[in-house]
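Novice: What follows is a structure written as structure tokens; I'll ask about it next.
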Amino acid sequence: MAQAQDDTQRVLDKIVTPDMERRHIEEDQLDTEDFEIGAYYGFMSIEDFSGSWGWGLRGAYHINEDFFLEVNYGQHTAGISTLEIGGGLPALTDAERELSYYDLNLGYNLFPGEVFISDNLAFNSTFYLVGGAGNTTFADTQFFTYTLGAGYKIYLTDYFDLSVDVRDHVYERELLGFNKKWVNNLSTNIGVNVFF
């Protein structure tokens with residue numbers, strides 16, 4: 001009887017505890033620094049004008065692992081307007097075509113996770129949402145602007161990350177005597193950021 005129990009136990013041990021070697025994965029830990037600065041380059045679709053490539057600067061303070069405050073400054077130059085395409089006179093001077101903006105956003109890291117490049121290489125990442133307000137200067141006029149967006153960030157090291165995001169800059173504008181309307185200027189950017 002004891003022999004049968006020992007045989008049964010050995011069989012169960014082989015079934016329940018497989019003989020496999022567990023691999024050890026070392027995950028990079030992010031530094032405890034809460035500040036982040038960076039630069040970005042991207043394309044903005046300026047409503048009623050042709051879009052343009054432009055640059056910007058970004059700074060962020062990470063309140064905790066979920067929330068962060070972010071400030072942005074960017075510049076673009078508007079192309080020709082829809083009036084000019086139809087054969088009309090230029091709507092704005094070259095100086096008035098300069099568009100700049102700054103905003104303060106609250107961000108939320110919605111889906112923190114990892115990106116697996118190979119069996120031995122993985123990076124921390126996060127998908128985030130931002131929303132806030134700021135100011136847009138265009139055609140020598142300043143507009144109170146709402147900003148909404150989403151992005152994806154990959155932490156290449158514990159202090160350096162690469163980000164890709166999409167933002168919508170929304171404000172009410174009256175241009176060239178036409179009725180006021182809400183304007184959506186969509187931008188897509190790629191940026192590099194450093195934690196300190």
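Novice: Rounded to whole Å and sorted largest first, list the principal axis extents of the Cα atoms in the range 35-195.
Specialist: Sorted from largest, the Cα extents of the range 35-195 read 60, 29, 21 Å.
Novice: Using 7 Å Cα-to-Cβ label points, what is the residue 133/residue 146 separation (nm, one decimal)?
Specialist: Placing both labels 7 Å along Cα→Cβ, they lie 1.0 nm apart.
Novice: While we're on this one: Of 157, 125, 170, which is farthest towards the positive pole of the range 35-195's charge dipole, taken about the Cα centre with +1 and -1 on the beta-carbons of Lys, Arg and Asp, Glu respectively?
Specialist: Value: 170.
Novice: Report the label-to-label distance for residue 41 and residue 174 in nanometres (one decimal), using points 7 Å from each Cα along the Cα→Cβ vector.
Specialist: Going by the 7 Å Cα→Cβ label model, 4.0 nm.
Novice: Okay, next question. Can you give me the C-alpha center-to-center distance between the range 41-116 and the range 123-196, rounded to a whole angstrom?
Specialist: One Cα centre to the other: 5 Å.
Novice: OK, next. Tell me the label-point distance for the pair residue 182, residue 106, using the 7 Å Cα-to-Cβ offset, in nm and rounded to one decimal.
Specialist: Roughly 2.0 nm, to one decimal.
Novice: Could you work out how much longer the chain between residue 48 and residue 118 gets when fully extended? Use 0.36 nm per residue separation minus the Cα distance between them, nm to one decimal.
Specialist: Values: separation 70, 0.36 × 70 = 25.20 nm, distance 4.50 nm.
Taking 0.36 nm per residue and subtracting the Cα distance, the gain is 20.7 nm.
Novice: Can you give the extra length, in nm with one decimal, that the chain gains between residue 21 and residue 67 once fully stretched, where that is 0.36 nm per residue apart less the Cα-Cα distance?
Specialist: Numbers: separation 46, 0.36 × 46 = 16.56 nm, distance 3.86 nm.
Contour length minus Cα-Cα distance gives 12.7 nm.
Novice: Let me ask something else. Quote to one decimal, in nm, the extra length available between residue 156 and residue 85 on full extension: 0.36 nm per residue of separation minus the C-alpha distance between them.
Specialist: Working: separation 71, 0.36 × 71 = 25.56 nm, distance 4.42 nm.
That works out to 21.1 nm of additional length.
Values quoted throughout were computed directly from the atomic coordinates according to the rules given, and no laboratory measurement underlies them. Small disclaimer: the values here were computed from a predicted structure and weren't measured. Don't worry about glycine lacking a Cβ; one is built from the backbone with ideal geometry, like all the others, and counts go over all protein chains shown.
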